Amino acid sequence: MLHADRSEKNLREPFCGSHEKPSSFGFSNKPALNEASELETLLSQTLSPNKRAVVQALIHAWESNRHRVHLEHTS
Amino acid sequence: MSDDRVIRRLIELLQRRFSNEDFQSKEKLFELIEQVILAETDDFLELTRIAGLSPLESYGGQNLIGVSFDRKDLARADFSNSLLIRASLIEAELSSANFSNADLTHAFLARAKLTSANLVGANLTSVDLSGADLTNASLNNAILKMVDLSDAHCRCASIRFSDLTGAALHRVRLEEANLSSSNFRRANLSRANLQGANLFGADFTGATLYRVNFHDASLDGATVEGAHFSDNPGVSREMRRELIRRGAVFED
């Protein structure tokens, strides 16, 4: 079963556009905001509120677990 | 847009978003998303099960605007910091659930069971909580402007430093509740039962308090300027004189 990471950091992260990794030049590699907003719009305009909420929670849980796995592999 | 096209477009966007990732589980994620979107049901708990999520632990901090889980059993679930604007939770079992700092503006919680629930710091503006059971619940620092708590059971609830401006509190049961330092300006508490409640520092300016039971509830330290009293059990003659001196209006 997937569980969202319950850390304070993750609770406060917005659903979209929250993954920034510093590039080698110190600039942010933020994914295009319009893509994040397109994802949000697609979900809210084409799915029922229940399906949208579950899909968003699923992506959030996957991202949280991925970060945890990544940290475990690199530490 | 058909479901297939939605799924294709969604996976395209997620592929781009996770382009640097090389995890096998990415495929599993896409498969689960597809299963949720194509599911015949719109039942929140069934969709949660299909997604492999925990109904009790997966929704804290999430966007749950407009979701519906009427009559569902979500006791002890974590909805802290979630957006539940216009969500429908009518007659849901939510005992000991955590809604701290959640935004429930305009949500529907009529007859929901919220005993010992945590609603500290929640925004409950214009929420329908009529007939809900909030026995022992914590609503400290909550925003309850224009909330409908008619016929709700709030015995032993803690509602301190909360804002109930303009709230509908007809026949609400607030025996032994702690209402200290809360704002009841222009609220209607007709026939409410405040027996043994702590009202220290509460503000009843302009409130309607007809037939409110004040037995064992001290109004010392409460603001009553322009509050309307009538037929109140538990208000002695001495207390009445003192309240009138402080600006209360007695209509009996």
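Look through the range B:197-213, keep the residues that are free of Cβ contacts under 8 Å to residues at least 24 places away in the same chain and over 20 Å from B:F161 (Cβ atoms), and return whichever of them is surrounded by the fewest Cβ atoms within 10 Å (Cβ to Cβ).
B:R211
Based on what the data block shows, is B:A75 more than 27 Å from A:E40 (Cβ to Cβ) and under 10 Å from the mean Cα position of the chain (by Cα)?
Answer is no for this residue.
When you scan the range B:1-116 for helices (runs of 4 or more DSSP H) that lie fully inside it, which ones turn up with 1 or more residues that are surrounded by fewer than 17 Cβ atoms within 10 Å (Cβ to Cβ), without any contact (Cβ under 8 Å) to a residue 60 or more places away in the chain and among the hydroxyl-bearing types (S, T, Y)?
Per the criteria, B:25-38.
If only one of A:S24, A:S18 is more than 7 Å from chain B (Cβ to nearest Cβ), surrounded by fewer than 11 Cβ atoms within 10 Å (Cβ to Cβ), in a loop (DSSP other than H, G, I, E, B) and modelled with pLDDT under 50, which one is it?
Just one listed residue meets the conditions, A:S24.
Among the residues that make up the range B:16-27, is at least one of them under 35 Å from the mean Cα position of the chain (by Cα), at the interface with another protein chain (Cβ under 9 Å from one of its Cβ atoms) and either under 14 Å from A:W62 (Cβ atoms) or modelled with pLDDT of 90 or more (or both)?
no
Please indicate, with yes or no, whether at least one residue in the range B:233-249 is under 27 Å from the mean Cα position of the chain (by Cα) and part of a strand (DSSP E or B).
Within the range B:233-249 (the criterion being under 27 Å from the mean Cα position of the chain (by Cα) and part of a strand (DSSP E or B)), the answer is no, since none of the residues qualifies.
Residue under question is B:I90, and the condition is that it be modelled with pLDDT of 95 or more and either more than 21 Å from the chain's Cα centre (by Cα) or facing another protein chain (nearest Cβ under 9 Å) (or both); does it hold?
So B:I90 does not fit the description; no.
Given B:N81, B:N98, which one is facing chain A (nearest Cβ under 7 Å) and under 15 Å from the mean Cα position of the chain (by Cα)?
B:N81
Just wondering, is there one or more residues in the range B:171-179 that are small (G, A, S) and over 18 Å from B:N136 (Cα atoms)?
For the range B:171-179, residues small (G, A, S) and over 18 Å from B:N136 (Cα atoms): absent.
Given the condition within 14 Å of another protein chain (Cβ to nearest Cβ), on the phi > 0 side of the Ramachandran plot and in contact with a Pro (Cβ under 8 Å, 6 or more places away or on another chain), answer yes or no: does some residue in the range B:59-77 qualify?
Yes: the range B:59-77 contains one or more residues that are within 14 Å of another protein chain (Cβ to nearest Cβ), on the phi > 0 side of the Ramachandran plot and in contact with a Pro (Cβ under 8 Å, 6 or more places away or on another chain).
The values are calculated or read from the model by the stated rules, or taken from the named source; none is laboratory data. Quantities reported herein were computed from a predicted structural model and do not represent experimental measurements. Note: ideal-geometry Cβ built from the backbone for every residue, glycine included; neighbour counts use all protein chains shown.
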